[in-house]
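*Asks:* Quick one: this structure, given as structure tokens, is what I'll be asking you about.
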Amino acid sequence: MIYFNLNIDLFFENEADANSYIKAITCIEYPILHIIAKTLENSEEEYDLIDRFILKAALINPINCIQTLAGLTGIKKELFEYRSNELEKQGLITYDGSGNINLLHDGIEYISNEHFPRYVHKTRSFLLDGITHEPLLRFFIMKVKST
């Protein structure tokens, strides 16, 4: 069995330093481990199609690309801004915040090669039984989320 202590004050300080928002802290009598892992994954993202669309549009006309895409598609400009910021974090473009996008070498490679490795930072959350260290059953996780 694993014994541990949680210093709530230190926890709040660390979360505040990381600009995190704490919704709740729950005390559960049964030992449960909540593991939060930050990973770097080479996997397809749910926004891959829109990301490729942004990059291809920027290849054709990088000036005021975001406003143009929003006007042509009817999709809110904020979605294109959000994805552009993410693409910049991934090193595929430079984005100046006013709608102008410049493709970087990796951005051009990404749209020309469908097998180009794209690494994305993700946060994963796992609930484990504190005694057996096995993942908790799905029905239990659903009950925890719903309360």
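The values are calculated or read from the model by the stated rules, or taken from the named source; none is laboratory data. Source: prediction; values computed, not measured. Reconstructed Cβ throughout: ideal geometry from the backbone, glycine too, with neighbour counts over all protein chains shown.
*Asks:* So Tyr82 passes all but one of these: (1) touching a Gly at 6+ places or on another chain (Cβ under 8 Å); (2) loosely packed, with under 14 Cβ neighbours inside 10 Å. Which condition number does it fail?
*Replies:* Going through the list (1) touching a Gly at 6+ places or on another chain (Cβ under 8 Å); (2) loosely packed, with under 14 Cβ neighbours inside 10 Å, Tyr82 breaks only (1).
*Asks:* In this structure, does Ile111 turn out to be surrounded by 18 or more Cβ atoms within 10 Å (Cβ to Cβ) and either within 25 Å of Leu40 (Cβ to Cβ) or modelled with pLDDT of 90 or more (or both)? Working first, answer last.
*Replies:* On the way: surrounded by 18 or more Cβ atoms within 10 Å (Cβ to Cβ): yes; either within 25 Å of Leu40 (Cβ to Cβ) or modelled with pLDDT of 90 or more (or both): yes.
Criteria met by Ile111.
*Asks:* Looking only at the range 10-31, how many residues end up being more than 27 Å from the chain's Cα centre (by Cα) and at pLDDT below 75? Spell out how you get there, then give the answer.
*Replies:* Residues of the range 10-31 that are more than 27 Å from the chain's Cα centre (by Cα), as a first pass: 27-31.
Add one more test, that the residue is at pLDDT below 75, and what stays is 27-30.
Qualifying residue count for the region: 4.
*Asks:* Within the range 35-43, does at least one residue satisfy the condition of being farther than 30 Å from Leu136 by Cβ and either in the same structural domain as Leu136 (by TED's automatic domain parsing) or modelled with pLDDT under 85 (or both)?
*Replies:* Step one: filter the range 35-43 for residues farther than 30 Å from Leu136 by Cβ, giving none.
No, the range 35-43 has no match at all.
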